[in-house]
1. Averaging sequence separations of C-alpha pairs under 8 Å and six or more residues apart, then dividing by the length of chain A, give the relative contact order as a whole percent.
2. For chain B, divide the Cα radius of gyration by the Kirkwood radius and give the resulting Rg/Rh value with two decimals.
3. How high is the FRET efficiency from B:SER135 to C:ALA165, r the C-beta distance, R0 35 Å, rounded to 0.05?
4. What are the residues whose amide H is under 5 Å from the amide H of C:ALA131, where those residues sit 5 or more places off or on another chain and H is modelled from the backbone?
5. Determine the alpha carbon to alpha carbon distance for each of C:LYS294/C:LYS331; C:LYS198/C:LYS251; A:LYS29/B:LYS92; C:LYS301/C:LYS368 and list only those over 28 Å.
6. Would you mind computing, in nm to one decimal, how far apart the modelled labels at B:THR89 and A:LEU97 are, each placed 7 Å from Cα along Cα→Cβ?
7. Name all residues of segment C:259-282 having a backbone nitrogen under 20 Å from the label point set 7 Å from the Cα of C:SER371 along its Cα→Cβ direction, giving them as ranges.
8. Can you tell me the 0 to 90 degree angle between the C-alpha axis of helix C:179-194 and the longest principal axis of chain C, rounded to 10?
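Read-outs throughout are calculated quantities, based only on the coordinates presented, and are distinct from any laboratory measurement. Predicted, not measured: the structure shown is a model, and the values here were computed from it. We place every Cβ from the backbone using ideal geometry, glycine too, and count neighbours over all the protein chains shown.
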Amino acid sequence: MKGKTIGWVVLIVLGLVAPFIIYPVLVMKILCFALFACAFNLLLGYTGLLSFGHAAFLGWAGYVCGYVVKEIGLTPELGVLAGTAMAAALGFLFGSLAIRRSGIYFAMITLALAQLMYFLALQFPFTGGEDGLQGVPRGRLFGIVDLGEPLNMYYFVLAIFLGGFWLIHRTIHSPFGQVLKAIRENEPRAVSLGYDVDRYKLLAFVLSATLSGLAGATKTLVFQLASLTDVHWHMSGEIVLMTLLGGMGTVFGPVVGATVVVGLQNYGAQLGQWVGVLTGVIFVICVLAFRRGIVGELAVLIKRSGIRI
Amino acid sequence: MDILGVPIQALMGQLLIGLINGSFYAILSLGLAIIFGLLNIINFAHGALYMAGAFFAWIAMDALGIDYWVALVAVPIVVGAIGMLIERTMLKHLYRLDHLYGLLLTFGLALIIEGLFRYRFGISGQSYPVPELLSGGFNLGFMFLPKYRAWVIAVSLVVCFGSWYIIERTKLGSYLRAGTENPQLLQAFGINVPLMITLTYGFGVALAAFAGVLAAPLFQVNPVMGSNLIIVVFAVVVIGGMGSIMGSIITGLGLGLVEGLTRVFYPEASAVVIFVIMGVVLLLRPAGLFGRER
Amino acid sequence: MKRRALASAVAAAVIVAGPAFAQSAKISDGVVKFGVLTDMSGTYSDLAGPGTVAATQMAIDDFIAKEKPDFKIEMISADHQNKADISANKAREWIDTQKVDALVDLVTTSTALAVMKVANEKNRVTLVSGAGSTPITNEQCNDTTAHWTYDTYSLPVGTAKAVVAQGGKTWYFITADYAFGHSLEKNTSDVVKKSGGKVLGSVRHPFPGSDFSSFLLSAQASGAQVIGLANAGNDTINSIKQAKEFGITPKQTLAGLLMFISDVHSLGLDATQGMYLTTGFYWDYNDETRAWSKRFFDKMKRMPTMVQAGNYSSVYHYLKAVKAAGTDEAKAVMTKMREMPVNDFFAKNGKLRIDGRMVHDMYLAQVKKPSESKYPWDYYHIRQVIPADQAFIPLSESTCPLVKK
């Protein structure tokens, strides 16, 4: 589909060029959140499960990555792997417990479990509690490439993002992804067709959690800090917003959503508290009138106008 | 006299404090349960409206010289009206959609309300004085119980059980319960169901604002007081069984006591014990302790 | 190697001070720029916050008027909301894209610790006034940080000793659960024990807190004579208020281990009379302090706390060092700052040590009774001057790696 190809090309070109135009740390932040949003979208947009506890994966992967890099002295790629593994484990745990229920109850269980992880983050000494895990070194990638150089770090993050994004893309367009969509559309029918729906859901959940962890671990290296903000339920709410705003169930939607929200928070910082209000207003508008999100609405517009892509 | 190595005074003291917190949990989860029961919406804005109630009471006092007793009645009415407005203009459109949209909308509303108050007042709290009539306290021997806190427990119990009575034992309440089960049939009987829904949301929200006014002299009135509380209240509602009125009242009070007890033995865990219980209940009794599966 | 960059958003107004003079070649970008990171709207906003921004601006204006430097001086500020991640990210962004040379204030220890690291990595100066924990000049010290106003070692040296001497031998702590609270509790415990007192126990409360009832009950149950409040700002205010509500005072004494004049003002003399506190500055101490404080009052309508006065002092001293060194390169400026004694209304014979600690006299104050207060903000008796060498940890006991033993 040519539309998809255009999307990929735009993404890659923008990605390569961005650090020369915009403050690299900001772009890296966008990339991390975009990956997080895409991972979340796999669960919400494609499987139809709303998790209100994804912050746990983002935050704890960050803590573990930060810890192994800072205290044990592992190289950054191993740190990212460690953080991602942590998120996968948590994802399996959460998923196994939460999948038994559906809808609101599913969301509430994920919220409860995430709160538990928040509490643990507060109590364990290694996370630094309120102070956070500070001074995480960026280190040398594979022992060779100094990630202290901003451009090196940037392309590392870009590579991770593109890798994760590609993985999600492949998953969505695979037979596995089709079953997920079937579950989202009509779960009883999927069951009657003989699919072990719970297993599919669990797998989707773990995949979503793992890639969220990948984003979290990378983010910790970018900012050299892992803090409670990343495990707070506000973060779980934010990721829902990014996905909803960008377009649930679309491939590029979450990326757009993440860019808009992070951009808003950054450039709107001078508006102070109005950022919170604005975020809420966007949420409300999206739910009432804009449920397809930016990319979704765009796709409908293009279809209606008859332009062939 | 010691229980498990803890002096009974300390235990009783913390339990009493737990009961006070439990009263707030009970009123707030009651409102949430009522709203969920009829509208099938998890009202994320509940915490923000509780905070709005506390702030309106403070503003009323600060700018208009309205005292506590008037505020106790007036503020819930005002906030209830705002709630009805929200329902009419926004929530109404979401009923035919997936329930989750209601949650998301109210989440957005919570952000807006909180953001507005933060903008205007900053995060540090405002002080609201304890009303004259209720200052001072009772010396119970094992602790000194401020009169105001005793009042909070008393009035919460009255409001909670009063609401329960209305819902479970009166004709009006029976319409509400019928609407929860089968709104179309009720509509066919000639009851104006949409109006009832609007009023129900307003009532649930008014309860939250009432709790806010109660809270104003106790805790500092600040814009984040609601969001700190709402997550715990969700857990209470889920444990009690969403939609079960008595369930949420008893669970609210009970969990307040559990929290107080935890504070005696393992204070750091008091913030999370409720979530642990929630996880366990959801796994063993998915509909909650008192709820029915829907 | 300069990278072209679009300006990122700045959190608050950029105030350009002074006309543009010809640039001094060694001043980076031709501008000495301060970045004030403080709590503008939360728990600590009264003791630091907008007052800190105002004090910094005063220092800049006064320096330009008096010294007529040949470089521009600018200041930007932001609300860090007491969060370490916001502070670290803001500091990094400011240094990378806003040409900030020095970070100022950093109330709340977690923010100070985070920013100190970022600044040190990028060779920028951090002037800490608001935060208090001793790790800033011990385990976590670095050579581009100056800790100016007070720390958790100096506070109990005054307060705890005085309270124990008055008969308060058994203590119980209510502690804010983050680095500052822990640090303050530990330092005070040490002093209490050294003075012959006993610590019966402690309980930690979430930061920021609002309902202290259960913690106060624990304190009451312990039967300690003194309840040490190892917290600050609104937390201290609420603890004191609620203690009164629960009838805990006057049977048990409250010791506000870190109290500011803004707290006393908030609570009123009724609630705080007789309390001991240790401070680095009192506005009504002598003519010089009165003169400066009056100017501050004209702007802010409140008397300055030691944090705000300390900010002025550190910023002014920094500027003097820049002028003397002829550059704003961090290490050169720090060296000059250590060479020059600190002599202003805030500190006499103050000295910036190698561990980053600026040592100066501290004061033990006692809050006046309402009947003793003759005019607004007339709150303290200064009972004792604690000389600089006693008020701060001696270099011989410092755990800072920069101190050569």
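1. About 32 percent, as a whole number.
2. Working: Rg = 19.2 Å, Rh = 19.6 Å.
Taking Rh as the inverse mean 1/r over Cα pairs, Rg/Rh reads 0.98.
3. It comes out at approximately 0.50.
4. C:VAL107, C:THR108
5. On the way: C:LYS294/C:LYS331 35 Å; C:LYS198/C:LYS251 18 Å; A:LYS29/B:LYS92 37 Å; C:LYS301/C:LYS368 21 Å.
Pairs exceeding 28 Å: C:LYS294/C:LYS331; A:LYS29/B:LYS92.
6. Between B:THR89 and A:LEU97, the simple spin-label model gives 4.0 nm.
7. Under cut-off, by backbone N: C:268-276.
8. Tilt of helix C:179-194: around 50 degrees.
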